[in-house]
Amino acid sequence: MISVKIDFNKIDQSRLFQGQKGLYLDLILIETPNSPYSDYMVKQSVSKEEREQGVEIILGDGRVFKKQQPQNYNNPPDEIIDGPPWPDDPMGL
């Protein structure tokens, strides 16, 4: 799952387009693997000519949320390393 945050004030409204089912905005997610802040940069699409001229509209960023692996309680780990070892007689009898 990827969570995206964009600044609506930075959207170039002239690039919105009407489709069959509503008003659309083309976005591009660019991976930013070396960024300490986010996993993706979110840009508004521009034409090829504009890209070649260096035009870019950065709207925000995105982060990947990794699913935690569910615990498999049927196959516990071979060795438990935290906590003291059990005494021979845990009930003290």
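Projected over every direction and averaged, the convex hull enclosing the alpha-carbon atoms of the range 2-64 yields 5.2 nm². You can think of it this way: the chain between residue 17 and residue 32 has 2.6 nm of extra reach, that is 0.36 nm per residue less the Cα-Cα gap.
Greater than 19 Å separation of Cα atoms is the criterion. Which listed pairs, 10/43; 21/43; 5/66, meet it? Long pairs (Cα-Cα over 19 Å): 21/43.
Read-outs throughout are calculated quantities, based only on the coordinates presented, and are distinct from any laboratory measurement. Here the structure is a predicted model, which means the values were calculated and not measured.
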